[in-house]
Amino acid sequence: MRNKRTSLYIILSIFLTINSYSQCACCAGASIGSSNGDFNNGLLTLKKNQFIAETYFDYRKIKEGTAIEEDEKLLKSMIINSFGVRYGITNKFTVSALLPFVTLSTNTGNDKGFGDMILIGTYSIFSKKNLNIALQAGIELPTGIQKDSNFDNSTVVIGSGSYDPMVGVVFSNNWNNYTLQGNALYKHTNKGFDGNYYSSLAVQNITLSHRLIKESAFCSANSDEKANGSNLGLSLFGGYNGEWLDNLKEGDEIDENSGYYLGFVNVGSNISYKNFSLPITFSIPIINNMNGNQNDASFRVKLGIIITF
């Protein structure tokens, strides 16, 4: 039973980390890179030699605003396609990487390109009964492109141009058909393109999941037991995601119209079949504390495809 629960965590947990680490709307590269956190299973790490490939489509709507300056570019929406892999070095240590491709739409044109890649390691430090805790450490690599002329007067960027360390903690607890899972992560941003500081990031996430169908081939593919049910798995979940972004700095000048704290209510479901998992989530902002004059965040929709080997 423990192995079955562990495998179900893989489906739920991968989706939760992608959602919780990819919310920053000011520096797209930094935010998407941060999305590759490692809640991989009930023990928060994959089994030794286990491999997972994943891809996500993330659409984020931005509320329309009014330009402060005549030549200001207003962000209307973001589309983020991310591609990642995860691998279990040991039963306690998992490494992962994720690379995003970002499209930003404004009132004057679009900008698109690869964002900053994230490399993260997760190490399990505590596992007793149904409670598991792990620590994370990683770095964001400056693989993202620099904003082009469409965004010369916008604080929105795809790549930061800096090497940025990050640390975090994750936990999970389960009982019966329920799973409570959460994380906290901080990314320290260094000066990047043209000596600019594109803001440090902190995120928090808490989610409760209910497994409606807990016996599936996806479980048996990653456990020592064979599932006794059908090849189909289904879970529903809901929770809260919070994110804090620091003010941007151009040289030594602080941009007062940047930085925020956002809070989202998330609801979604996850369908699995054999070695495939298809998570979907819908997010609505309930806290929009923006510094200065900025457009508020609106709804977000995320679709994923996860394959385990």
For segment 252-277, name all the residues that are under 16 Å from the mean Cα position of the chain (by Cα) and among the hydrophobic types (A, V, I, L, M, F, W, C). L262, F264, V265, V267
First in segment 44-64 and more than 8 Å from R86 (Cβ to Cβ) and in a loop (DSSP other than H, G, I, E, B), second anywhere and among the hydroxyl-bearing types (S, T, Y) and open to solvent by 50 Å² or more (accessible area, probe 1.4 Å), Cβ under 6 Å, 6 or more apart: K48/T90
Residue by residue through segment 83-125, note down the ones that are within 17 Å of the chain's Cα centre (by Cα) and either open to solvent by 70 Å² or more (accessible area, probe 1.4 Å) or of a type in the set (A, V, I, L, M) (or both). F83, V85, V95, A97, L98, L99, V102, F114, M117, I118, L119, I120
Inside segment 54-81, the number of residues satisfying the requirement of being modelled with pLDDT of 90 or more and open to solvent by 30 Å² or more (accessible area, probe 1.4 Å) is 6
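Does L135 satisfy being open to solvent by 60 Å² or more (accessible area, probe 1.4 Å), within 19 Å of E54 (Cα to Cα) and touching a strand residue (DSSP E or B) at 6+ places or on another chain (Cβ under 8 Å)?
Numbers: open to solvent by 60 Å² or more (accessible area, probe 1.4 Å): yes; within 19 Å of E54 (Cα to Cα): no; touching a strand residue (DSSP E or B) at 6+ places or on another chain (Cβ under 8 Å): yes.
Criteria not met by L135.
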Across segment 195-246, which residue is farthest from V167 (Cα to Cα) among those that are part of a loop (DSSP other than H, G, I, E, B) and modelled with pLDDT of 90 or more? D246
Restricting the search to segment 159-177, which residues are open to solvent by 60 Å² or more (accessible area, probe 1.4 Å), under 20 Å from A134 (Cβ atoms) and at pLDDT below 90? W175
When only residues in segment 250-264 that are among the charged types (D, E, K, R) and surrounded by fewer than 17 Cβ atoms within 10 Å (Cβ to Cβ) count, which is farthest from G292 (Cα to Cα)? D252
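Residue-wise test of (1) in a strand (DSSP E or B); (2) over 30 Å from G233 (Cβ atoms); (3) not small (G, A, S).
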| site | (1), (2), (3) |
| --- | --- |
| N257 | no, yes, yes |
| N266 | yes, no, yes |
| I287 | yes, yes, yes |
| N295 | no, yes, yes |
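The values are calculated or read from the model by the stated rules, or taken from the named source; none is laboratory data. Since the structure is predicted, the reported quantities are computational estimates derived from the model, not experimental observations. Backbone-built Cβ (ideal geometry, glycine too); neighbour counts: all protein chains shown. Note: accessible area is taken over every heavy atom of the protein model, side chains too, but ligands, DNA and RNA are not part of it. Shrake-Rupley method; radii C 1.70, N 1.55, O 1.52, S 1.80 Å.
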